[in-house]
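The values are calculated or read from the model by the stated rules, or taken from the named source; none is laboratory data. None of the values given here were measured: they were computed from a predicted structure. Methodologically, a virtual Cβ is constructed for each residue, glycine included, from the backbone with ideal geometry; neighbour enumeration extends over all protein chains shown.
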Amino acid sequence: MAVANTSHITSASLEKSPTGISGLDEITDGGLPKGRPTLIAGGAGSGKTLMSMQFLAQGAIRYNEPGVFVAFEESAEELTKNFASLGIDLQDLMARKKILVGCLEMQAAAV
């Protein structure tokens, strides 16, 4: 199996979008890759939802970047409470069309 020569690739060659999350921009050398999807994976309680919320909120508030949040297990009411725990007014961001929230309730299939 051939291995690609990556000696010419530097962190400066990849444009980044700052997250606005204290510490994360430092360890990711400027934020998440701009214009590319980023998968946030982990087990229950590992902070995926909170990190995503913080990224979207900071993008909307600090950088005037709109965002979309899709939830599969939480209601709009639960998400509003979760955002509020971070000091973020989700209702205000939605009213100003900074964040769009979609809640898809997954129903168990009948066997």
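Applying the set (1) closer than 21 Å to residue 104 by Cβ; (2) modelled with pLDDT of 90 or more; (3) in contact with a Phe, Trp or Tyr (Cβ under 8 Å, 6 or more places away or on another chain) to residue 66 leaves exactly one unmet item: (3).
For region 61-86, enumerate the residues that are assigned to a helix (DSSP H, G or I) and either farther than 10 Å from residue 101 by Cβ or touching a helix residue (DSSP H, G or I) at 6+ places or on another chain (Cβ under 6 Å) (or both). 61, 62, 63, 77, 78, 80, 81, 82, 83, 84, listed by residue number. For region 50-73, check the following and say yes or no: at least one residue is free of Cβ contacts under 8 Å to residues at least 24 places away in the same chain, surrounded by 10 or more Cβ atoms within 10 Å (Cβ to Cβ) and not small (Gly, Ala, Ser). The answer is no, given that none of the residues of region 50-73 is free of Cβ contacts under 8 Å to residues at least 24 places away in the same chain, surrounded by 10 or more Cβ atoms within 10 Å (Cβ to Cβ) and not small (Gly, Ala, Ser).
Applying the set (1) over 20 Å from residue 95 (Cβ atoms); (2) at pLDDT 90 or above to residue 47 leaves exactly one unmet item: (2).
Screening 26, 105 for residues that are surrounded by fewer than 11 Cβ atoms within 10 Å (Cβ to Cβ) and either assigned to a strand (DSSP E or B) or at pLDDT 90 or above (or both) leaves exactly one candidate, 26.
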